Amino acid sequence: MKRTLRKRERLQHGTDFRRAREEGRKLTGRLMLLNVLRAENLACRRLGVVTSRKFGGAVARNRARRIVREAWRLIQEQLVDPCDVVVVVRRGMAGCSTQDVQDELLRLLKAAGALKEV
């Protein structure tokens, strides 16, 4: 099943990105930097992906964004509501599979306390 993130599930404004990066919990991984902001005034889980031009050309940046969004889609139900997550892609992600990114994302979200207790 192919499903894109709905508009309300995406971070769209610079102020949202900035707030998550300044007020949220910052975690560093091999493939990405993660900023997690848990706030009660949010309606749902939202994702924002940042890829710098240092990462590579447009094709490489777009592929990295697609991989992060797919990993997010696969683990989304395990996350607590509500939270904003900003993923900053690092150069190490070039050539990684979706499973590698999903594992790293799960590890960082668990460290941030953003996963539901099982």
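Key figures
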| quantity | calculated |
| --- | --- |
| For the chain, calculated [θ]222 nm from helices alone, where every DSSP H run of n ≥ 4 adds -39500 (n - 2.57) | -12000 deg cm²/dmol |
| Fully extended contour minus Cα-Cα distance, from Arg25 to Lys7, at 0.36 nm per residue | 4.1 nm |
| Under Karplus coefficients 6.51, -1.76 and 1.60, residue-wise ³J(HN,Hα) of region 28-42 in Hz, glycine/proline x | 10, x, 5, 9, 7, 9, 10, 10, 10, 10, 9, 9, 6, 7, 8 |
| Antiparallel bridge percentage (DSSP; both residues within region 9-112; nearest 5) | 65 |
| Among Leu33, Leu74, Leu106, residue whose mean-square fluctuation peaks in a GNM of the chain (springs only between Cα atoms under 10 Å) | Leu74 |
| Spin-label proximity, Arg91 to region 50-77 - amide N less than 11 Å from point 7 Å beyond Cα toward beta carbon | 54-56 |
| Glu77/Arg18 FRET efficiency (R0 25 Å; Cβ-Cβ; nearest 0.05) | 0.35 |
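Only the coordinates and a few stated rules stand behind these numbers; no lab work does. In this text the structure is predicted, and so the values were computed from the model without any measurement. Heads up, the Cβs are rebuilt from the backbone with ideal geometry, glycines too, and the neighbour counts pull from every protein chain shown.
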